[in-house]
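The values are calculated or read from the model by the stated rules, or taken from the named source; none is laboratory data. Since this is a predicted model, take the numbers as computed values, not measurements. Using ideal geometry, Cβ is built from the backbone for each residue, glycine included, and neighbour counts are taken over all protein chains shown. Just so you know, the surface numbers come from the protein's heavy atoms only, side chains and all, with ligands and any DNA or RNA stripped out. Shrake-Rupley method; radii C 1.70, N 1.55, O 1.52, S 1.80 Å.
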Amino acid sequence: MLREESQIVIAGGGVIGLCAALRLRSEGRDVLLIDRNEPGSGTSSGNAGVLATYECVPLGTPSVLKSLPRLLFDPNSPLSISLSALPKLTPWLARFARASFESRARRSAITLAKLLSNSLQAYEPLLARADARSLLRPNGAMHAFRNSADLDAASWERQLRHELGMRQVLLDRRDMESLEPGFPGEYNRGILFPDAVHLTDPFDLMRRLARAFSEQGGKILSGDITKVQHTKHGVRLIGNEIEVRAGTAIIALGAWSAEFARQLGDRIPLETERGYHVEFPTESPVLSRSVCPVEYGFYLTPMAGRLRAAGTVELSSLRRPPNARRLQLIENATRRLFPNLGPAQSRWIGFRPSLPDSLPVIGRSPRAHNVIYAFGHGHLGVTLGGETARIVTKLIVGEREATELHALSPARFS
Ligand SMILES: Cc1cc2nc3c(=O)[nH]c(=O)nc-3n(C[C@H](O)[C@H](O)[C@H](O)COP(=O)(O)OP(=O)(O)OC[C@H]3O[C@@H](n4cnc5c(N)ncnc54)[C@H](O)[C@@H]3O)c2cc1C
């Protein structure tokens, strides 16, 4: 049994754990990070790689609510549900439905907009320390629609972004052609989000964050955590071959976090929205920015030496094997758009950690004051890594940001 002590222990080395680790280490804190796999190699590696600074609209909206039954039970739709997981998912779906009412969706959007407005600035110091600025492409992102009727169907979302100060530019066919000449002509309307940035390789960013953390004296431990205990003087994390005592623990275990909150007495309705990617090697980029054909629910992001088609939502469980049909849907749709692509080089599943109101949980455990939760970032974990690290650091150094923290509080579900 390996025994370690540290001022701060971070459970989970996805983008959230890594950003928090690097930021706290930069503030001179003694930080130990534990992961059972290579840090950053899970959900944080295979995503669409978009710093989606514009996406303040939660997943649950009045229009999604209206089409939910059709969407969920059509296996070809971008949002699907595994029927065998339905009984377990019902309480989450009930909360999701309530969170989709207009007033609640708007409330989530206001909080997301606040987090997003600071997201790039909060990343800056981490990117500089990790020598990772070169992985960013500040070319914006584009949503593509077949026609004006499809564009109009998303007008509530567009209006909400507008009210909350997100920059978006409406595009006609000619604009789209000049921005993305390689994108098929059957899409006649679009929205450009000029402030979005995409990554040429999310896993490379994760590796650089981990390396910078180690180089600055942070410690990374490999271990599978099974228990968290609140003690008189702090926290104890226990795994198969490890035991770590710390003054403060940060639970950043992504979609696996709820079980550890439950051990501390906090019930948080975290489920996973599974998503997939398929990659195709490209000799030269076929796009210059990330483009989402909205009807398919995935992004096409030009990455180093490849095109990554990543997204869609499958409500299911952490344990079920990947659904080959979902991967095939993404592959077929991408080939329809780009018929000259060669064989796919990678097929991947990832587990978005998702709360029904599309807001993460960032805050102290109501029952275990030395434990800070930082999980549930859903579709925006990569985007909000830097901002989450900033908030967590403030919590630890004792500063408060009342309004932000109230909306993100783990107590909001009780
Ligand atoms: C298809 C897809 C596309 C996406 N596109 C985007 C995008 O374009 N932009 C964006 O911002 N977000 C995107 N996301 C969402 C984003 O990837 C996630 O929100 C983010 O990666 C979550 O990070 P995390 O650190 O919370 O969790 P994770 O990356 O899952 O990290 C959790 C870590 O905890 C470790 N762990 C779990 N249990 C244990 C245990 N018991 N003991 C030890 N270690 C453990 C895991 O090994 C893992 O490394 C996408 C997600 C998917 C699936």
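Quick look at the values:
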| read-out | value |
| --- | --- |
| Selection within region 259-271 - more than 9 Å from the ligand (Cβ to nearest atom) and not in a loop (DSSP other than H, G, I, E, B) | 261, 262, 263, 271 |
| Condition met for residue 252 (under 26 Å from residue 27 (Cβ atoms), open to solvent by less than 30 Å² (accessible area, probe 1.4 Å), touching a residue at least 60 places away in the same chain (Cβ under 8 Å) and more than 10 Å from the ligand (Cβ to nearest atom)) | no |
| Members of region 318-366 found to be part of a helix (DSSP H, G or I), open to solvent by less than 20 Å² (accessible area, probe 1.4 Å) and within 13 Å of the ligand (Cβ to nearest atom), listed by number | 326, 330 |
| Residues of region 53-78 classified as assigned to a helix (DSSP H, G or I) and of a type outside the set (Phe, Trp, Tyr), total | 11 |
| Criterion (aliphatic (A, V, I, L, M), farther than 29 Å from residue 357 by Cβ, more than 6 Å from the ligand (Cβ to nearest atom) and modelled with pLDDT of 95 or more) met by exactly one of 31, 9, 57 | 31 |
| Count of residues meeting criterion [hydroxyl-bearing (Ser, Thr, Tyr) and open to solvent by less than 50 Å² (accessible area, probe 1.4 Å)] in region 86-128 | 5 |
| Those residues of region 232-249 which are free of Cβ contacts under 8 Å to residues at least 40 places away in the same chain and either closer than 19 Å to residue 396 by Cβ or not in a strand (DSSP E or B) (or both), in sequence order | 232, 233, 236, 240 |
| Some residue of region 114-137 being closer than 23 Å to residue 187 by Cβ and either in contact (Cβ under 8 Å) with a residue 24 or more places away in the chain or out of contact with any Ser or Thr (no Cβ under 8 Å at 6 or more places or on another chain) (or both) | yes |
| When residues of region 19-36 are limited to those that are in a loop (DSSP other than H, G, I, E, B) and touching a residue at least 40 places away in the same chain (Cβ under 8 Å), the one nearest to the chain's Cα centre (by Cα) | 36 |
| Members of region 272-287 that are open to solvent by 30 Å² or more (accessible area, probe 1.4 Å) and either in contact (Cβ under 8 Å) with a residue 40 or more places away in the chain or not polar (S, T, N, Q) (or both) | 281, 283, 285, 286 |
| Subset of region 392-407 that is within 20 Å of the chain's Cα centre (by Cα) and surrounded by fewer than 24 Cβ atoms within 10 Å (Cβ to Cβ) - its residue that is farthest from residue 29 (Cα to Cα) | 407 |
| Residue, farthest from residue 292 (Cα to Cα), within region 166-194, restricted to residues that are in contact with a Leu (Cβ under 8 Å, 6 or more places away or on another chain) and assigned to a helix (DSSP H, G or I) | 175 |
| Every residue from region 288-314 that is more than 12 Å from the ligand (Cβ to nearest atom) and open to solvent by 10 Å² or more (accessible area, probe 1.4 Å) | 288, 289, 294, 295, 296, 302, 304, 305, 306 |
| Extreme residue, nearest to residue 385 (Cα to Cα), among residues of region 11-69 that are out of contact with any helix residue (DSSP H, G or I) (no Cβ under 8 Å at 6 or more places or on another chain) and open to solvent by less than 10 Å² (accessible area, probe 1.4 Å) | 17 |
| Those residues of region 145-155 which are surrounded by 13 or more Cβ atoms within 10 Å (Cβ to Cβ) and within 20 Å of residue 56 (Cβ to Cβ), in sequence order | 145, 151, 153, 154 |
| Qualifying residue in region 79-102 (condition: touching a residue at least 24 places away in the same chain (Cβ under 8 Å), in a loop (DSSP other than H, G, I, E, B) and more than 16 Å from the ligand (Cβ to nearest atom)) | yes |
| Residue that is farthest from residue 263 (Cα to Cα), among those in region 367-382 that are more than 8 Å from the ligand (Cβ to nearest atom) and aliphatic (A, V, I, L, M) | 372 |
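Residue by residue, here is whether (1) among the hydrophobic types (A, V, I, L, M, F, W, C); (2) within 23 Å of residue 53 (Cβ to Cβ) holds:
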position	(1), (2)
340	no, no
353	no, yes
362	yes, yes
366	no, no
372	yes, no
386	no, yes
394	no, yes
405	yes, yes
